[in-house]
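The values are calculated or read from the model by the stated rules, or taken from the named source; none is laboratory data. Everything numeric here is computed off the predicted structure, so don't read it as measured data. No Cβ is skipped: glycine too gets one built from the backbone with ideal geometry, and neighbour counts run over all protein chains shown. Remember, those area values only see protein heavy atoms, side chains included, never the ligands or the DNA or RNA. Shrake-Rupley method; radii C 1.70, N 1.55, O 1.52, S 1.80 Å.
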Amino acid sequence: MSDADKAVTHELTVQRLAGEMFREAAWAALGTFVLGVVVSTVIWGTAGLFGALIGGAIAIGSSLATLLLMRKTAALDPMFVMVAALGGFMGKLIVLLLAVILLRNQSWLEPKALGITLVATVLVTSFLEARASKRSRSQMVVPASEGT
């Protein structure tokens, strides 16, 4: 059975969208992360390097967690997918808050490097994921019902 013959379900639609979002954002996120590390190291030295590494790791982990959450909840009812998305968003905010609280007074890292790399990577990744979602054709298919 080819892909064209398979019934298009909500699960398949969400799986395809997650894949398209990952492909669109992966290289740009890594590029932004590397750029943040290089610039922070040049400006702030070793403390900037550590700050940018932590900020970029949190940002990329956040993006990957969103896509993983999409894949893991794809088989659920759409209402539960939205509940999981809201829970994932709250979880990311808590992780971000804990990272800032725990790392704010550390002398071995530059908090500006952490923040700038984190924000830049999240913005680039979020923009490209949203663009991939908008351009995706997988969402424009009405899922087949069980009886057809």
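Within segment 36-63, can you find the residues that are under 18 Å from Ser126 (Cβ atoms) and touching a residue at least 40 places away in the same chain (Cβ under 8 Å)? Outline the logic, then answer.
Kept after step one, since they are under 18 Å from Ser126 (Cβ atoms), are these residues of segment 36-63: 36, 55-63.
Listed by number, the residues that qualify are Gly36, Gly55, Gly56, Ile58, Ala59, Ile60, Ser62, Ser63.
Please list, ordered by first then second residue, the pairs with beta carbon atoms under 6 Å, 6 or more apart or interchain, first in segment 110-138 and touching a residue at least 60 places away in the same chain (Cβ under 8 Å), second among the hydroxyl-bearing types (Ser, Thr, Tyr).
From residues that are touching a residue at least 60 places away in the same chain (Cβ under 8 Å), the pairs are Ala113/Ser40; Ala120/Thr32; Thr121/Thr32; Val124/Thr32; Thr125/Ser63; Ser138/Thr13.
Which count do you get for residues in segment 87-119 that are under 19 Å from Gly36 (Cα atoms), in a helix (DSSP H, G or I) and modelled with pLDDT of 85 or more?
Residues of segment 87-119 that are under 19 Å from Gly36 (Cα atoms), as a first pass: 96, 99-100, 103-104, 108-119.
The next check asks that each one be in a helix (DSSP H, G or I); those that pass are 96, 99-100, 103, 111-119.
When the remaining residues are screened for being modelled with pLDDT of 85 or more, the result is 99, 103, 111-119.
Within segment 87-119, residues that are under 19 Å from Gly36 (Cα atoms), in a helix (DSSP H, G or I) and modelled with pLDDT of 85 or more number 11.
Kindly evaluate Ala84 against the criterion of being open to solvent by less than 40 Å² (accessible area, probe 1.4 Å), touching a Ser or Thr at 6+ places or on another chain (Cβ under 9 Å), in a helix (DSSP H, G or I) and farther than 29 Å from Ser40 by Cβ. Break it down into steps so the answer makes sense when it comes.
Numbers: open to solvent by less than 40 Å² (accessible area, probe 1.4 Å): yes; touching a Ser or Thr at 6+ places or on another chain (Cβ under 9 Å): yes; in a helix (DSSP H, G or I): yes; farther than 29 Å from Ser40 by Cβ: yes.
So Ala84 passes the test.
Out of Thr41, Thr46, Thr9, report the one residue that is more than 16 Å from the chain's Cα centre (by Cα), modelled with pLDDT under 85 and hydroxyl-bearing (Ser, Thr, Tyr).
Values: Thr41 fails: modelled with pLDDT under 85; Thr46 fails: modelled with pLDDT under 85.
On inspection, the qualifying residue turns out to be Thr9.
Please verify whether Arg104 is of a type in the set (D, E, K, R) and farther than 19 Å from Val14 by Cβ, treating the condition exactly as stated.
Numbers: of a type in the set (D, E, K, R): yes; farther than 19 Å from Val14 by Cβ: yes.
The answer is yes for Arg104.
Looking at Phe50, Phe89, can you tell me which residue is of a type in the set (Phe, Trp, Tyr), under 25 Å from Arg23 (Cα atoms) and open to solvent by 40 Å² or more (accessible area, probe 1.4 Å)?
Values: Phe50 fails: under 25 Å from Arg23 (Cα atoms).
On inspection, the qualifying residue turns out to be Phe89.
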